[in-house]
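The structure under discussion appears below in the form of structure tokens.
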Amino acid sequence: MKKIVMLVSIVLLMQSSFVKANSKSINWIHSYEDGLKMSKLLNKPILLDFTALWCGPCRKMDRDVWSKEDVKLIMNNFVPVKVDFDTEKELVRKYSVKGIPYIFIIDAWGSELYSFIGYRDEIQTLKILKNFSINMSSIYQALTILEKSKDNLYSNLRVAQKFQNVAFMLTDDSKKSFLKRSNKYLRESESLAKNSEKKVKEKIALLHLLNKAYNKSYKSVLKKLPKEFKEVDKSNKCLYNYIEFYCNQLQGNTVEAEKYYQLITGSYKQKADFILKV
């Protein structure tokens, strides 16, 4: 019990101390490993900033961007990690850093979600930070399970779907990034499903198409659905109907969309309802 209380206290302390009100700058963590641990504990993505004392644009970002109140406020949604380009050679190699400032948004396993090189002003930086201010809890839970069973089909499929579910609510670069990660785990699931039942392979293929739909390839997906899925397994019917609804609705084919909407249930019905309200 004491260990749990101590852990919670540390998390709350760290969470509140990244950015203090009216402080001159963000309280950066200077340990990559500590950043990964804090990211897991807080379910927040990491903002990893490669910098150096001699770097003019880095100093300019410290002065004109990271010190701004609105930037500091939104940085509470991240674990801020700043590492030295000259001394952290292993990290420089890991992320192929050729110049600075080079800023990455990564998950608690160090996998890249987004990156940019060079100076960005306050407005540009705020836009990026807003796009990636994401609660990672559902994804981190799935990744933690996958960490213990990397060759498990369903663990990979679960991660793919978690990234897809989060991507549904995102826009712009963050949406593309999370769909890319979803596709990565779908491909892994595909390779692990070679000896699986047809309905499992079918589900993976449908999830691939849903990612394409979320990437606005509506026409392409609508052409493929009737050609590649003439007889859909009962367990995948709801997913199939949701993809039909989504593409038709976003294409403006409201009559066709309504037909498929009536066939959707569960979590996909909730997504469909959200789309209709937007």
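The values are calculated or read from the model by the stated rules, or taken from the named source; none is laboratory data. Not measured: the values here are computed from a predicted model. Note that we place each Cβ from the backbone using ideal geometry, even for glycine, and neighbour counts take in every protein chain shown.
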Could you count how many residues in segment 223-249 are of a type in the set (A, V, I, L, M), in a helix (DSSP H, G or I) and more than 26 Å from the chain's Cα centre (by Cα)?
-> 1
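Looking at segment 250-274 only, could you name the residues that are in a helix (DSSP H, G or I) and out of contact with any Phe, Trp or Tyr (no Cβ under 7 Å at 6 or more places or on another chain)? Give the steps one after another, and end with the answer.
Just the residues of segment 250-274 that are in a helix (DSSP H, G or I), to begin with: 250-251, 254-261, 266-274.
Passing the criteria: T254, V255, E256, E258, K259, G266, S267, K269, Q270, D273, F274.
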Just one of N253, N211, N215 is surrounded by 20 or more Cβ atoms within 10 Å (Cβ to Cβ), out of contact with any Pro (no Cβ under 9 Å at 6 or more places or on another chain) and modelled with pLDDT of 95 or more; which is it?
-> N211
Has segment 229-236 got at least one residue that is over 22 Å from S177 (Cα atoms), assigned by TED's automatic domain parsing to the domain that holds R181 and out of contact with any helix residue (DSSP H, G or I) (no Cβ under 9 Å at 6 or more places or on another chain)?
-> yes
Output for segment 131-165, where each listed residue is farther than 20 Å from P45 by Cα and either within 13 Å of the chain's Cα centre (by Cα) or hydroxyl-bearing (S, T, Y) (or both) | S149, Y154, S155
Restricting the search to segment 244-278, which residues are touching a residue at least 24 places away in the same chain (Cβ under 8 Å), in contact with a Lys or Arg (Cβ under 9 Å, 6 or more places away or on another chain) and under 20 Å from M169 (Cα atoms)?
-> F245, Y246, C247, N248, L250, Q251, I264
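Can you pull out the residues in segment 116-139 that are over 23 Å from Q161 (Cα atoms), surrounded by 15 or more Cβ atoms within 10 Å (Cβ to Cβ) and in contact with a Phe, Trp or Tyr (Cβ under 9 Å, 6 or more places away or on another chain)? Talk me through it step by step, then tell me what you get.
Filtering segment 116-139 down to residues over 23 Å from Q161 (Cα atoms) leaves 116-129.
Next, from what is left, pick out any that are surrounded by 15 or more Cβ atoms within 10 Å (Cβ to Cβ): 116-117, 119-120, 122, 125-126, 128-129.
F116, I117, T125, I128, L129 - these are the residues of segment 116-139 that are over 23 Å from Q161 (Cα atoms), surrounded by 15 or more Cβ atoms within 10 Å (Cβ to Cβ) and in contact with a Phe, Trp or Tyr (Cβ under 9 Å, 6 or more places away or on another chain).
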In segment 138-154, how many are farther than 26 Å from A272 by Cα and part of a helix (DSSP H, G or I)?
-> 7
Out of all the residues in segment 112-135, which are among the polar types (S, T, N, Q) and outside any helix (DSSP H, G or I)?
-> S115, S133, N135
What number of residues in segment 39-64 are touching a Leu at 6+ places or on another chain (Cβ under 9 Å), touching a residue at least 24 places away in the same chain (Cβ under 8 Å) and farther than 22 Å from Y140 by Cα?
-> 1
Among the residues of segment 85-103, is there at least one that is of a type outside the set (D, E, K, R), in contact (Cβ under 8 Å) with a residue 60 or more places away in the chain, surrounded by fewer than 19 Cβ atoms within 10 Å (Cβ to Cβ) and not assigned by TED's automatic domain parsing to the domain that holds V200?
-> no
Output the residues belonging to segment 173-202 that are in a helix (DSSP H, G or I), touching a residue at least 40 places away in the same chain (Cβ under 8 Å) and under 16 Å from Y154 (Cβ atoms).
-> L192, V200
Residues in segment 59-80: is at least one crowded, with 18+ Cβ neighbours inside 10 Å, closer than 17 Å to V97 by Cβ and within 23 Å of the chain's Cα centre (by Cα)?
-> no
